[in-house]
Amino acid sequence: MQKTDGIGGDMTINEVVRKCPKAMAVFERHGMACASCMATQFETVRNGALIHGVDVDRIVVRLDGPASPL
(Lines give C-alpha, C1' and ligand atoms only; values in the text may rest on other atoms or scores of the structure.)
Protein backbone atom coordinates (compact mmCIF):
# COMPACT_ATOMS: atom_id res chain seq x y z
CA MET A 1 0.00 0.00 0.00
CA GLN A 2 1.47 3.34 -1.06
CA LYS A 3 -0.18 6.59 -0.16
CA THR A 4 0.62 9.83 -1.93
CA ASP A 5 -0.94 12.15 0.65
CA GLY A 6 0.77 10.83 3.76
CA ILE A 7 2.85 7.94 4.97
CA GLY A 8 3.30 4.97 2.65
CA GLY A 9 5.13 1.68 2.45
CA ASP A 10 7.65 2.96 -0.09
CA MET A 11 8.95 5.73 2.19
CA THR A 12 12.12 5.06 4.13
CA ILE A 13 11.67 4.52 7.85
CA ASN A 14 13.84 7.58 8.41
CA GLU A 15 11.51 9.72 6.24
CA VAL A 16 8.52 8.54 8.25
CA VAL A 17 10.19 9.28 11.60
CA ARG A 18 11.34 12.71 10.42
CA LYS A 19 7.80 13.49 9.27
CA CYS A 20 6.31 12.23 12.53
CA PRO A 21 8.69 11.39 15.39
CA LYS A 22 5.90 9.60 17.28
CA ALA A 23 5.94 6.96 14.51
CA MET A 24 8.89 5.34 16.28
CA ALA A 25 6.47 4.05 18.94
CA VAL A 26 4.36 2.37 16.22
CA PHE A 27 7.43 0.64 14.79
CA GLU A 28 8.46 -0.51 18.27
CA ARG A 29 4.97 -1.89 19.06
CA HIS A 30 5.31 -4.02 15.93
CA GLY A 31 8.69 -5.43 16.99
CA MET A 32 10.73 -3.16 14.75
CA ALA A 33 13.58 -1.73 16.85
CA CYS A 34 14.24 1.08 14.40
CA ALA A 35 15.87 3.44 16.88
CA SER A 36 18.93 1.20 17.11
CA CYS A 37 19.18 0.30 13.41
CA MET A 38 21.29 2.16 10.88
CA ALA A 39 19.22 0.66 8.04
CA THR A 40 16.47 3.22 8.65
CA GLN A 41 18.36 5.59 6.36
CA PHE A 42 17.60 3.43 3.31
CA GLU A 43 15.15 0.73 4.43
CA THR A 44 11.56 1.30 3.34
CA VAL A 45 8.62 0.68 5.63
CA ARG A 46 7.65 -2.18 3.30
CA ASN A 47 11.04 -3.90 3.41
CA GLY A 48 11.43 -3.38 7.15
CA ALA A 49 7.99 -4.84 7.77
CA LEU A 50 8.70 -7.87 5.58
CA ILE A 51 12.03 -8.51 7.33
CA HIS A 52 10.30 -8.40 10.72
CA GLY A 53 7.24 -10.42 9.67
CA VAL A 54 4.85 -7.48 10.00
CA ASP A 55 1.92 -6.99 7.63
CA VAL A 56 2.83 -3.97 5.46
CA ASP A 57 -0.72 -2.70 5.01
CA ARG A 58 -1.44 -3.00 8.72
CA ILE A 59 1.57 -0.91 9.77
CA VAL A 60 0.89 1.72 7.09
CA VAL A 61 -2.68 2.05 8.36
CA ARG A 62 -1.37 2.40 11.92
CA LEU A 63 1.11 5.04 10.81
CA ASP A 64 -1.24 7.01 8.56
CA GLY A 65 -4.77 5.69 8.86
CA PRO A 66 -7.84 6.84 10.77
CA ALA A 67 -7.08 4.45 13.64
CA SER A 68 -3.57 5.86 13.98
CA PRO A 69 -2.42 6.52 17.55
CA LEU A 70 -0.31 9.40 16.26
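The values are calculated or read from the model by the stated rules, or taken from the named source; none is laboratory data. This one's a predicted model, so the numbers in the text were calculated from it and none came from an experiment. Cβ: placed from backbone, ideal geometry, glycine included. Neighbour counts: every protein chain shown. Heavy atoms of the whole protein, side chains included, go into the accessibility calculation; ligands, DNA and RNA do not. Shrake-Rupley method; radii C 1.70, N 1.55, O 1.52, S 1.80 Å.
For this structure, a couple of remarks:
- Residue-count net charge about residue 34 - beta-carbon cut-off 15 Å; Lys, Arg +1, Asp, Glu -1: +3
- Separation of the residue 25 and residue 55 label points, Cα + 7 Å toward Cβ, nm: 2.3 nm
- With DNA, RNA and ligands ignored, accessible area of residue 55 (1.4 Å probe; Å², nearest 10): 90 Å²
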